[in-house]
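**Student:** Below are the structure tokens for one structure; questions will follow.
Just so it is clear, none of the values below were taken in a lab; they were calculated from the coordinates. Worth saying up front: this structure is predicted, and the values here are computed from it rather than measured. Note: ideal-geometry Cβ built from the backbone for every residue, glycine included; neighbour counts use all protein chains shown.
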Amino acid sequence: MVILQLIINAFSLGSFYALVALGFALIFGVTHAFNLAHGELILLGGYLAYTLAGQMQVPFLGTLPVTALAMVIIAILLQKLLRRVGQPYELNTLVVTFGLALVLQNTMLMLFSADYRIIQSAAPAIELPYTQLLLTRTQVILIGTSLLATTALYILLRKTFLGKALRATIQDREAAKLAGINVRRMSLVGFAIGGALIGLAGPLYARTTYLYPSGGTEASLIAIIITIFAGVGRIRGILLGGWALGIAESTTVYALGTGWRELVSALVLISLLLLKPQGILSRKPKAARLPG
Amino acid sequence: MIRTATSPAVLGFTAALLFFIFSPFLLQDNAVYYRVMTMTFFYGALALAWNLYALTGNISLGHAAFFGLGAYGSALLSHYWHLSPWATVLFGGMVGAVYGLLWTVAFGCLRGARFALATLASVEIPRVIIDNWESFTFGSLGVVGITGFSAVRVGSVSIALGESLKAQYYLLLCCTLVILLIHRQFIKSKWGWAVRALREEETAASMLGVNVHFTRSVTLLLSAFLTGLCGGVYAHLMGLIEPPLVFSLHISALPLVLTMFGGRYLVCGPLLGALILYPLDQVLFHSLLPVGHSILYGLIIIVTLLFFPHGIGSWVQRRRTFS
Amino acid sequence: MNIFSNIFKPIVSLVVSLTVSVCSAGAALGNSSPIRVGEIDPLTGKLAKHGQEIHEGILYAIEQANSTGGAAGRKFELLSRDDQSQPEVAINQAEDLIYREQVAGLVGGYVDSLVGPISELAAKHQVPYVASASLQQGLTLGRHNPYFFRVAHLQGVVEPLCSFLIQELKPDRVAVLYASTPGSTEFGQQVRSCLLDAAIEIPIFEKFRPGSPDFSAFLLKIRRSRVDVLISGGFFADHLILVRQMKEQKIPLRAYIGPWGIAYPSFLEAMGEAAHGLFGMCAWNPGIAVAGADKQSRAFVEGFTARFGKTPNTTTMHGYTSAKALIEAIRRVLESGKELTGDNICRALRSLDLLLPMEHLQFDLKGDPKHYQQVVVQVQKGEMVTVYPADRKTGEIAQPSSE
């Protein structure tokens, strides 16, 4: 029974990781912009939801569309900024967004103070019938949203014309250009969708962990790790990668102790990179390059 | 590329060098100047050491592993066996190099983003082990009371490196110059051309007779050794280390930022980044805005990189080409 | 090679201008000039919350001193610096404050690993340093540093906690979770040794990295090993997650004790109902003050709330207390007509005997406070009730909700 509970918790943690990573993965895949300020944007979404929920009594699920919309606008602004970055693009965006992360962190420090903020969930946990397994409302939302977002993104990428163009851009920019795809417009679309995903992750971040101005670094790290773990441009891989990491961490904590959590996830990550360098779902070789 | 003694290049460099050598005579005991400039040289050295490997085209996000291992290797050796810091710092460098050797074995075939990520993750391995091996490494309590550098006797003069800020300033200046020289060789020498060929096109480089694996490995070992050395120096300068301090993301990321800011293909690029950003931040921004200094720091990085994608050094270079 | 000259020209000019600015300050300290007090705290970054709180406490003490006329007709001036939680930054900024700004004394400091280097620097320049929230024992062991003082220490936390556990709660099995920071690790080790002495079992003794997003697997282990008390040496943010997950997973515990981070008004506000029944520790809080300082404590809460628009907490009070000690020592030196030197201030600090809301402040020979003792509080219906020690008790222990 304990093991089943552990698995439920691990899946919910993994879904949380995946949600944090989705926006980053899409933006990195489509535009190759290495957005280190990703975590700060998530926090910004979280703060927005916190303000809405606290001051205007908006119900939690009601904050999601608002933050998603707000973050789309911010992501488009970010795209306008990063468009001006010169070659080598990945490295330069990495450094520029490093600076941006510093600016955002300290602006948030001034705007929202250094206090920790959380969005409380008052509802009690649901006890699954005939078992003693507990499923909290937050866990339901996490697993549900991550599945929904992944499916929606998957359908968008696989079944629509826009998705085809986006995937072509992810796979080979030059070839996509030759095929008549407006790569610059695709980059705008990538940022917009990525922004919406970031806006989705923000409130959930505030509800699962807590908000404070310099908490973005951890979120960015999670996003980077899961993205490359999954293989760039592989949306289903993100969810699987998140779950794999969630399970690895939970079992480590349970079996070895909390102090070894980071070590085991690092080992899992490294061995995966060595064994399946193109991501967990890889079949054919193709990966993004952090430039040289 | 004319290297005559009278070329303006050599003159400029010599002028700067002379300034750093003789400024202490003008300033006497200006403690702030020594402290800040010592750390500036320190981060300059760290950035130069990092860039050695970055020149091969693989960006590492895990140099904190070498740094932390160097710091711990050096501090623990001096704690348990009471060896002179001069010896332990070298040992620290070697510990870093050993971990670098593991990298070449394990990550030898990784490139690009996957390499960056693997290195990022590999920092956690020594960090968590040191954090949990309390009986030997003191775990989260950190190593405190690490002995400072012992005095050096030159003829009849004894230089107290442990206490004198001025002596530490010169020590770090010398270290940085040595690493700068190595860095210069990596850009200008035949070896440097091999490295550059690797960066541009690995397959072509191997066709041209560059031993890809060997070149990469040796470069990484050297970079790891020098970073470990810096870690050892840091441990003895600060007198205390803790896992979160020496295995921090900050140590891995700062060299990258300084290098990109200064110009990664320039001999002095990484050092230039440190020389501009570090004193500016520590002396000016911190005292101007105790809470908002990082905003200025971030803005400077953004603006510089938007206008000079190859670093601020490239601006100087470009201005020269056009004039 | 041609690049060199052009690269170095701007550097040289930059360094020269910095040097000039470094040199130009200082000097010109007349008799009516303000007395400069330097503060170094983590004002930004991960520890910004507590750094800012200490800063506000110090700022309030300085403003209070100035509004009552300063010291011997001279006003105080506070110079704050950020240490970014890095020792080299702390050293640079302390050096800058001492050398360029010529401060009379230093206060502040939240992390032991940064307090240590600053205290050494203070000794080197013979400037007094009163640390606000330093705990580690190693800092005052070994080499004697006559310029270093602090208003808190770890025994003041561990001793009351252990006697509370042994005398009041009398648990059978205790789990100890501590953060991988020096202070928390030392805390964990000391609590373990005192519990083992009292023959209390500790089936779980683990460390974690502050900032972990998930404790559910750890909590499952707590449930399985049937401990009745969990002592969590994490910080404010860690309790937010741990307590919430504990409540969500309905982990049966007789007591949850968090020495740092629970006894904060903002924590009670953030957690709401979920905080009910938790135990925390504090040296001071609105309504919780040492005997005889109630009036002073109330005045502080009122004044502080009017000035900053928020309720002060125990961290704020640590900052206030440390600044108060330094201010009082400086005032005594000036009023006795002596010269304001580091040695004179340190002498005054050593002979200080102040009744402050947080503690009856006297320093021993090592610079440690003689009477620093925290109390155990329990959250009951959104209020903090002191439950230990007996002489400061304001209520009985409420058994945790048995739903």
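**Student:** So what's the Cα pair-distance distribution over segment B:17-75, bin width 5 Å, in %?
**Tutor:** 4, 14, 18, 19, 14, 12, 13, 6, 1
**Student:** Using alpha-carbon positions, what is the distance between the centroids of segment C:145-196 and segment A:125-165, in Å?
**Tutor:** Centre-to-centre distance over Cα atoms comes out at 44 Å.
**Student:** Over the Cα atoms of segment C:23-180, what Rg and Dmax result, in angstrom?
**Tutor:** Rg, Dmax (Cα atoms, Å): 18.3, 65.
**Student:** Let me ask something additional. Order by neighbour count: B:T176, B:T219, B:T203, fewest other Cβ atoms within 10 Å first, most last.
**Tutor:** Working: B:T176 26, B:T219 23, B:T203 8.
Ranking B:T176, B:T219, B:T203 by Cβ neighbours within 10 Å, fewest first, gives B:T203, B:T219, B:T176.
**Student:** Over 5 Å intervals from 0, what percent of Cα-Cα pairs in segment C:255-298 sits in each interval?
**Tutor:** Distribution as computed: 5, 21, 26, 20, 15, 10, 2 percent.
**Student:** Starting at the first residue of segment C:76-83, write each ³J(HN,Hα) from the Karplus equation 6.51 cos²θ - 1.76 cosθ + 1.60 with θ = phi - 60°, in whole Hz, x for Gly and Pro.
**Tutor:** Result, ordered by residue: 9, 10, 9, 10, 9, 9, 9, 9 Hz.
**Student:** Looking at the protein assembly as shown, what % of its DSSP beta bridges pair antiparallel, to the nearest 5?
**Tutor:** Working: 22 of 55 bridges.
Antiparallel: roughly 40 percent of the beta bridges in the protein assembly as shown.
**Student:** Please state, rounded to one decimal and in Å, the Kirkwood hydrodynamic radius that chain C gives when every pair of distinct Cα atoms enters the mean of 1/r.
**Tutor:** Kirkwood radius, chain C: 22.4 Å.
**Student:** Right, here's the next one. How large are Rg and Dmax for segment C:90-248 when calculated on the C-alpha trace, in angstrom?
**Tutor:** Values for segment C:90-248 (Cα only, Rg and Dmax): 19.0, 59 Å.
**Student:** How big is chain A along each principal axis, measuring the range of its Cα positions in Å and listing the largest first?
**Tutor:** 59, 46, 36
**Student:** Would you calculate, for the protein assembly as shown, the mean residue ellipticity at 222 nm contributed by helices, counting each DSSP H stretch of 4 or more residues as -39,500 (n - 2.57) and dividing by all residues, to the nearest 500?
**Tutor:** On the way: 39 runs with 611 residues, N = 1018.
Per the formula, -20000 deg cm²/dmol.
**Student:** Which ³J(HN,Hα) values in Hz, rounded to whole numbers, follow from the phi angles of segment A:71-81 under the Karplus curve 6.51 cos²θ - 1.76 cosθ + 1.60, where θ = phi - 60° and Gly and Pro get x?
**Tutor:** Karplus values, whole Hz, x for Gly and Pro: 6, 4, 4, 5, 5, 5, 4, 4, 4, 4, 5.
**Student:** Once amide H atoms are built 1.01 Å from N in the peptide plane, which residues 5 or more positions from C:E201, or in another chain, come under 5 Å H to H?
**Tutor:** So C:E201 has HN proximity to C:V174.
**Student:** On the first, second and third principal axes, largest extent first, how far apart are the outermost C-alpha atoms of segment B:152-290 in Å?
**Tutor:** 54, 47, 29
**Student:** Now for a different question. Quick one: among B:Y297, B:Y43, B:Y169, which has the greatest mean-square fluctuation in a GNM of chain B with alpha-carbon springs under 10 angstrom?
**Tutor:** Highest fluctuation of the listed residues: B:Y297.
**Student:** Okay, moving on. Evaluate Rg over Rh across segment A:1-153, taking Cα atoms for both radii and Kirkwood's formula for Rh. Spell out each step's value before the answer.
**Tutor:** Numbers: Rg = 18.1 Å, Rh = 17.6 Å.
We get a ratio of 1.03 for segment A:1-153.
**Student:** Each residue of segment B:115-132 in turn: what ³J(HN,Hα) in whole Hz from Karplus with 6.51, -1.76, 1.60 and θ = phi - 60°, glycine and Pro shown as x?
**Tutor:** Along segment B:115-132, the couplings run 4, 4, 5, 4, 5, 4, 5, 5, 5, 5, 5, x, 5, 5, 5, 5, 5, 9 Hz.
**Student:** Return the single residue from A:L178, A:L157, A:L102 with maximal mean-square fluctuation; model: Gaussian network over chain A, springs between Cα atoms under 10 Å.
**Tutor:** The residue with the greatest mean-square fluctuation here is A:L178.
**Student:** Can you give the Rg to Rh ratio for the protein assembly as shown, taking only C-alpha atoms and Rh from Kirkwood?
**Tutor:** A ratio of 0.96.
**Student:** If you add up the charges near B:T119, with Lys and Arg at +1 and Asp and Glu at -1, over every other residue whose beta carbon is less than 14 angstrom from its beta carbon, what do you get?
**Tutor:** Net local charge, B:T119 excluded: +3.
**Student:** Could you work out which residue, out of A:Q87, A:Q105, A:Q139, moves most in a Gaussian network model of chain A, that is, has the largest mean-square fluctuation with Cα springs under 10 Å?
**Tutor:** In this elastic network of chain A, the residue with the biggest mean-square fluctuation among A:Q87, A:Q105, A:Q139 is A:Q87.
**Student:** Please arrange C:S322, B:S150 by counting, for each residue, the other beta carbons lying within 10 Å of its beta carbon, fewest first.
**Tutor:** Ranking C:S322, B:S150 by Cβ neighbours within 10 Å, fewest first, gives B:S150, C:S322.
**Student:** Then there is this: What is the fewest-to-most order of C:D343, C:D214, B:D131 by other Cβ atoms lying within 10 Å of their Cβ?
**Tutor:** Placing the least packed residue first, the sequence is C:D343, C:D214, B:D131.
**Student:** Given an 8 Å cut-off on Cα distances and at least 6 residues of separation, report the relative contact order of chain C as a percent.
**Tutor:** Relative contact order of chain C: 17 percent.
**Student:** May I pose another question? Counting pairs of alpha carbon atoms under 8 Å apart in space and at least six apart in sequence, what relative contact order in percent does segment B:31-245 give?
**Tutor:** The value is 41 percent.
**Student:** Could you list which residues have their amide H under 5 Å from that of C:V376, counting only those 5 or more apart in sequence or on another chain, with H placed in the peptide plane?
**Tutor:** C:V387, C:Y388
**Student:** Under the rule that an exposed site lies in a DSSP loop and has at most 13 other Cβ atoms within 10 Å, name the longest stretch of chain A with no trypsin sites (Lys or Arg not before Pro) of that kind, not counting the sites themselves. Mind dumping the intermediate values first?
**Tutor:** Details: sites that count: A:R84, A:R283.
Longest site-free region, per DSSP loop and neighbour criteria: A:85-282.
**Student:** Which number do you get for Rg(Cα) / (2.2 N^0.38 Å) in segment B:31-245? Please report the intermediate quantities before stating the final value.
**Tutor:** Details: Rg = 18.1 Å, N = 215, 2.2 N^0.38 = 16.9 Å.
Compared with the compact-globule rule of thumb, segment B:31-245 sits at 1.07.
**Student:** Distance between Cα centroids, segment C:341-371 to segment C:272-308: provide it in whole Å.
**Tutor:** First find each Cα centre; the distance between them is then 23 Å.
**Student:** Okay, next question. Calculate the tail of P(r) for segment B:39-137: the fraction of all Cα-Cα distances greater than 23 Å, expressed in %.
**Tutor:** Here the long-distance tail beyond 23 Å is 30 percent of all Cα pairs in segment B:39-137.
**Student:** Within a Cβ distance under 10 Å of A:A33, other residues only, what is the Lys/Arg minus Asp/Glu net charge?
**Tutor:** Neighbourhood net charge equals 0.
**Student:** Can you return the lysines within cross-link range of C:K250? Criterion is Cα-Cα under 24 Å, with same-chain partners fewer than 8 residues away left out.
**Tutor:** C:K170, C:K207, C:K221, C:K381
**Student:** Between the helical axis of C:112-125 and the dominant principal axis of chain C, each derived from Cα atoms, what acute angle in degrees is found, rounded to the nearest 10?
**Tutor:** So the helix axis and the longest Cα principal axis differ by about 30 degrees.
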